[in-house]
Amino acid sequence: MVKILANDGIDALGKSMLKAAGFSIETNKVAQDQLAEAINREGYEVILVRSATKITAAIMDACPGIKLIGRAGVGLDNIDVRHAESKGMKVFNTPAASSQSVAELVFAHLFSGVRFLQDSNYQMRIAGETRFNELKKNYSAGIELQGKTLGIIGFGRIGQAVARMAIGMGMKVVASDPFISEVTLTLQLAQTNQEIPVLIKTTSVDELLVQSDFISLHVPGKIDGKSVIGANEISKMKTGAGLVNAARGGVIDEDALLNALDQGKLAFCGLDVFENEPTPRTDLLKHPKISVTPHIGASTAEAQERIAAELAGFIISYYGN
Ligand code: NAD
């Protein structure tokens, strides 16, 4: 029987699919420093991870019995993919399963930003009973998203999911992606079962910076080790614009961001990812104009179910069960 270790857990659906197909699956977490020993002792052939467990070259060298390494999610930063390939170990991931969930979190941050929820939730908890009218006044200058322009940098799976939601709620979308010149999005109206095609032609980052009321980043990570949005890019943005980063920490330069928020150049920012995860800087976490979440873009029941089903399906077809 092929033995699988899902070291960062797996949704119940994936577990039951694998068990039904005759695999043995263990979900009790093994500490990073004991991983190689456990893999060899238990004879695990398949290792599944989220982002916590790292499958390093040293682990691969110590555990020649590994055949498959699966990453529940998009990025492969925690797996030495090149080394795996050199050893004939197959690495796979689930790139599309979480796009809708990440896109919805982007909108959670946008809605928070335009109505000051990140601060109002906090202030109401500590002073809502005594300073209600003062707080009401403080948060009275909200704006609507409808009719505004959303700039999307990185127009892949998540960028396009964000665009579909934005168009669905009456926003204009401008997108920038050096590898995509145009995309026809399909908007699905659940209410009437209609499908509406919408053509989006991408534009330059400079054009997008000037036009957008809000910008959301969906690039693979820093580009050539550099932030995509730094002081120079912020200077080209509209005064009072908002930013969201649910891609990778450091895609927005954190010093430049804080400066722009403090100077009033930017109105707000939503951050799901941080340069220094899992210990982000406290001046970001405590800033009243920043809506913060602890890298939970893919953390929904639906995304985790899709991820688990995709992982299980891949393993089942790999072994031809
Ligand atoms: P994707 O590969 O489908 O899309 C990325 C896009 O970025 C591609 O179209 C690519 O052409 C484009 N791109 C590359 N370099 C660029 C540049 N310099 N400027 C503009 N665009 C550029 O990836 P995806 O699935 O949409 O994921 C996007 C990001 O979201 C990744 O960083 C991923 O790690 C992150 N992510 C975060 C969470 C979360 O929990 N917050 C969950 C899943 C994915």
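Values quoted throughout were computed directly from the atomic coordinates according to the rules given, and no laboratory measurement underlies them. Since we're looking at a predicted model, the values are computed, not measured. Glycine gets a Cβ as well: all are built from the backbone with ideal geometry, and neighbour counts include every protein chain shown.
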Spherically averaged projected area of the range 99-292 from its Cα convex hull (nm²): 11.8
Can you say what percent of the DSSP beta bridges in the range 99-292, counting only those with both residues inside, are antiparallel? Round to 5. 30
In degrees from 0 to 90, rounded to the nearest 10, what is the angle of the helix 99-115 Cα long axis to the longest principal axis of the chain? 30
Could you sort out which of Lys90/Lys222; Lys226/Lys286; Lys148/Lys238 sit more than 20 Å apart by Cα distance in this structure? Lys90/Lys222; Lys226/Lys286
What percent does the relative contact order of the range 30-115 come to when contacts are Cα pairs within less than 8 Å and at least six residues apart? 25
Which of Thr279, Thr293 comes first, and how do the rest follow, when ranked by fewest Cβ neighbours within 10 Å? Thr279, Thr293
Using only alpha carbon pairs under 8 Å that are at least six residues apart, calculate the relative contact order of the range 99-292 and give it in whole percent. 21
Please sort by residue number the trypsin sites (Lys or Arg not before Pro) in the range 260-321 whose DSSP state is loop and whose Cβ has at most 12 other Cβ atoms within 10 Å. Lys286
Could you state the number of Å between the C-alpha centres of the range 1-20 and the range 170-193? 35
Classify the range 221-272: rounded, prolate or oblate, from the alpha-carbon gyration tensor (a ≥ b ≥ c, eigenvalue square roots; a/c under 1.5 rounded; otherwise prolate if a/b is larger than b/c)? prolate
Can you put Glu144, Glu129, Glu305, Glu233 in order, fewest other beta carbons within 10 Å first? Glu129, Glu144, Glu305, Glu233
Length-normalised contact order of the range 267-321 in % [C-alpha pairs under 8 Å, at least 6 apart]: 35
Starting from the Cα of Lys136, draw a straight line to each of the lysines and keep only those under 18 Å, dropping any in the same chain fewer than 8 residues away. Lys289
